[in-house]
Amino acid sequence: FNAISDLEPALRSDASQPYVFIVRGDSLRNTEHYDKAVVEFTKAMEIDGTLADAYSSRGECLLAQDALDSAQQDYLKALELDDKDALTHVRLATLFTLKKNYSEALGQAAKAIRLNPNNSEAFLRAGNAHHFQRKYGKAIENYVLAVAKDPLNPAAHNGLGLGLFARSVGFQWLDDD
C-alpha cells in the first residue's frame, strides 16, 4: 500500500475512473488489508457495475474474511459479467470446497480447465475437492497435472504428497477408482 500512497495525488485526480479504485483495492488486498480493499472495490462497482474484476477481487477479500455467502454472490456476479474468467472459476471452486460442496467445486475447476488447459491452480483445486471426498486416486491424478503445469507450485507438490500419504497409510479402500 505504501507504494500506491505516493501516487495518491495523481489517483485523486482520476477519481471518476473505476480502475483507480481497483488498483488501490488490489494493493490493499495484496497486503491483507481486506476491509479497506472491499471499500475500494465497492467504489469501483459504484462507478461502473459491469467490471467483473471488481466483483471477483472483492469476492477474494470476502473469502479471506470467511464471508463465504457474500463472496459467492460476488463471484457469481463476476461470472455473469464475464463467464470466460478462469481465475474467478478457480476462486469459486475454492469457495465451494470450503463450503464442502465438492461437486460444485469440481464443476468450477472443470470450467477453469476448459478455459485454460494449463491452469495449474484449477487442477490443484480439483485435486483438493477429490481429496476431501477421499477419492485419493483422482486427487493424485489432478495433483500430478497441477505439478506438470507448474512445477514450481508448492501447493501442488504438497497436495500430491498428502494424496500419496493418504493412499499409502491404508485409505485406498475408500477410493472409488
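Every number in this text was worked out from the coordinates using simple rules, so none of it is lab data. As the structure is a computational prediction, the values presented were derived from the model and not from experiment. All Cβ positions, glycine included, derive from the backbone under ideal geometry; neighbour counts span all protein chains shown.
Structure summary
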item: Efficiency of FRET from Cβ geometry, ASP83 and VAL39, R₀ 22 Å, rounded to 0.05; result: 0.25
item: Which of VAL144, SER57, SER27, positive extreme of dipole for the chain (C-beta unit charges); result: VAL144
item: Karplus-derived HN-Hα couplings along the range 49-62 (A = 6.51, B = -1.76, C = 1.60, θ = phi - 60°), whole Hz, x at Gly and Pro; result: x, 9, 8, 4, 4, 5, 5, 5, 5, 5, x, 4, 5, 5
item: Segment ALA64-SER103, length gained on full extension (0.36 nm per residue, minus Cα span); result: 11.9 nm
item: Unit charges on C-beta of K, R, D, E only; dipole of the range 47-102, Debye; result: 260
item: Inter-centroid distance (Cα atoms) of the range 93-134 relative to the range 9-70, Å; result: 25
item: Value of Rg/Rh across the chain [Cα atoms, Kirkwood radius]; result: 1.06
item: Cα shape, the range 85-177, gyration tensor, a/c 1.5 rule; result: oblate
item: Using alpha-carbon coordinates, inclination of helix 86-98 to the longest axis of the chain, degrees; result: 60
item: The chain, helix-only ellipticity at 222 nm - DSSP H runs n ≥ 4, -39,500 (n - 2.57), divided by all residues, nearest 500; result: -23500 deg cm²/dmol
item: Check: the chain dipole with +1 on Lys, Arg Cβ and -1 on Asp, Glu Cβ, in debye; result: 580
item: Cα long-axis angle, helix 120-132 against the chain (0 to 90 degrees, to the nearest 10); result: 50
item: Packing-based ranking, highest mean first, of 58-65, 160-167, 29-36, 109-116 given that Cβ atoms within 10 Å are counted; result: 58-65, 109-116, 160-167, 29-36
item: Relative frequency of Cα-Cα separations exceeding 19 Å in the range 15-81, percent; result: 20
item: Rounded tilt (10° steps) of 102-115 against the dominant C-alpha axis of the chain; result: 70
item: Difference of contour (0.36 nm per residue) and Cα-Cα distance, GLU32 to ASP48; result: 3.3 nm
item: VAL169 paired with SER16, simple spin-label distance in nm, labels 7 Å along Cα-to-beta-carbon; result: 6.1
